[in-house]
1. Only one of these is open to solvent by 90 Å² or more (accessible area, probe 1.4 Å), of a type outside the set (Gly, Ala, Ser), within 23 Å of Tyr153 (Cα to Cα) and in contact (Cβ under 8 Å) with a residue 24 or more places away in the chain: Lys89, Lys83. Name it.
2. Only residues that are more than 14 Å from Gly150 (Cα to Cα) and in contact with a Lys or Arg (Cβ under 6 Å, 6 or more places away or on another chain): list them for the range 67-121, please.
3. Given the structure, is Thr181 surrounded by fewer than 15 Cβ atoms within 10 Å (Cβ to Cβ) and of a type in the set (Ser, Thr, Tyr)?
4. Can you pull out the residues in the range 46-69 that are loosely packed, with under 10 Cβ neighbours inside 10 Å and under 28 Å from Leu25 (Cβ atoms)?
5. Given the conditions (1) out of contact with any strand residue (DSSP E or B) (no Cβ under 7 Å at 6 or more places or on another chain); (2) farther than 24 Å from Trp73 by Cα, which single one is not true for Asp185?
6. Which ones in the range 142-168 are among the hydrophobic types (A, V, I, L, M, F, W, C), within 11 Å of Ile130 (Cα to Cα) and modelled with pLDDT of 85 or more?
7. Can you name every residue in the range 94-138 that is of a type in the set (Ser, Thr, Tyr) and either touching a residue at least 40 places away in the same chain (Cβ under 8 Å) or within 18 Å of Tyr188 (Cα to Cα) (or both)?
8. Among the residues of the range 102-122, write down those that are in contact with a helix residue (DSSP H, G or I) (Cβ under 6 Å, 6 or more places away or on another chain) and either open to solvent by 30 Å² or more (accessible area, probe 1.4 Å) or modelled with pLDDT under 85 (or both).
Amino acid sequence: MTTIKLFESPLINSVFIFFYTPIILIGYLGLLILLVFSIIYWIRQRNKAHRPFLPFVFSISTIVFILYFPFNWLTLNIDFRLKLSEREKVVKMITEKTIPYDLDKSSSVIIPVEYENLSAGSANVVVENIDNTTCVFFYTFRGLTDNSAGFVYVPDEKIMSKFKVGQFGASTIFYDPIEITKIADHWYFVANT
């Protein structure tokens, strides 16, 4: 189950989104069965075995670990740190216009194939000019119809005062933010609904 939680983000961003719920339910069902069997073992072996409560303690510890360990934060932090220099190269290519795009037609910009792993789902990013500064959004999650999350490069951090959690329709990148978190200089994590 811990392995499933650790790879939750990559699973959701692939074809496995349709299998995600059954996989998670099977994992939690397995933990519940483990818990029930550990209780039965504890009761039956109470006077026969040395420390018969240990399987129960292990089961409870595993459940608490899975519920409270910040797997999403860990995977996002690792993803951000490992791919930061490549993302900065893409931002530089976009700001210097070595990657062709026309914001009058679309805010979605296709990035080179060698950088397609920087944005979940496909090789594109969202580019938006806010107060004459170019902001770039790399997806870490794409919902089926709406909902998205990702890392945003903001060259001028003063413009971040325009965007508030719960403010609907403020921009293409910050269309309905439920979370805006600064993760490094000029980099923010944004989750939209």
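The values are calculated or read from the model by the stated rules, or taken from the named source; none is laboratory data. Everything numeric here is computed off the predicted structure, so don't read it as measured data. Cβ sites come from the backbone with ideal geometry, for glycine too, and all protein chains shown count toward neighbours. With ligands, DNA and RNA removed, areas are computed over all heavy atoms of the protein, side chains included. Shrake-Rupley method; radii C 1.70, N 1.55, O 1.52, S 1.80 Å.
1. Lys89
2. Passing the criteria: only Phe71.
3. yes
4. Leu67, Tyr68
5. Here Asp185 meets the rest and fails (2).
6. Hit for the range 142-168 is Val154, nothing else.
7. Answer for the range 94-138, where residues must be of a type in the set (Ser, Thr, Tyr) and either touching a residue at least 40 places away in the same chain (Cβ under 8 Å) or within 18 Å of Tyr188 (Cα to Cα) (or both): Thr95, Ser107, Ser119, Thr133, Thr134.
8. The one that is in contact with a helix residue (DSSP H, G or I) (Cβ under 6 Å, 6 or more places away or on another chain) and either open to solvent by 30 Å² or more (accessible area, probe 1.4 Å) or modelled with pLDDT under 85 (or both): Tyr115.
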